[in-house]
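Take a look at the structure below.
The values are calculated or read from the model by the stated rules, or taken from the named source; none is laboratory data. Computed from a predicted model, the values in this text were never measured in an experiment. So basically every Cβ, Gly included, is an ideal-geometry build from the backbone, and we count neighbours across all protein chains shown.
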Amino acid sequence: MPWVYPWFWGFLAALGWGAGCGAFFDIATLGRKLEFGIGMCIFAEVPRILLPLPLLAQPRIDPNPPLLVWMGVLIVVGSLFFGTPVFRILPLRAPDYRDPLRTDGLYSIVRHPLMLCDVFWPLGWSLIFGSTIGILLTPVRMLMIWAGTYLEEESLVRESGDAYRQFQSRVPRLFPCLLGFGRSTRKGSEEKA
């Protein structure tokens, strides 16, 4: 019964996330189908929701003091704030030249606010439930999401051209620029990375 092991859910989430990114940005016709996007989202996100829950036996961090639980709540709420742009775009599909390039709001401080949300909400969720494995998988998720942004940016440059290249030179890829830290100092340094 592999579904009782947290590593199974971690593997399934990684597989779903990787397959979804590859198909969204490399197979333009498949990546533009909403049904495919919904399926890939379910395939990638449901395991990440289940992984930290107490129904899976795994090493746990003692929730006393409840500081970790409150830290988890703050991380989840903060990361979900960065997920709000989903209400302004056509989500769950590949970039299209007919879509407007969003550079305002949260997009003015980070190019991929949804991906930033996707990095941190599972960490907060894992802290709330004391999931050691969920916490340990955070750097792996971060690397996968960082790689996914490279694929997405290739599509965005293909679809938006110079406008996106200028956006890349002004706004950090994944982590917001706070008080000037994290902002690229060389023009075009992000597009070469």
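Just one of (1) more than 17 Å from the chain's Cα centre (by Cα); (2) within 19 Å of residue 49 (Cβ to Cβ); (3) at pLDDT below 90 trips up residue 100, so point out which.
Of (1) more than 17 Å from the chain's Cα centre (by Cα); (2) within 19 Å of residue 49 (Cβ to Cβ); (3) at pLDDT below 90, only one is false for residue 100: (2).
Give 174, 156 a once-over and let me know the one that is assigned to a helix (DSSP H, G or I) and in contact (Cβ under 8 Å) with a residue 24 or more places away in the chain.
Exactly one residue qualifies, and that residue is 156.
Specify the residue that is modelled with the lowest pLDDT; the eligible residues are those in the range 159-182 that are charged (D, E, K, R) and surrounded by 14 or more Cβ atoms within 10 Å (Cβ to Cβ).
The residue in question is 159.
In this structure, is residue 140 surrounded by fewer than 19 Cβ atoms within 10 Å (Cβ to Cβ) and modelled with pLDDT under 90?
yes
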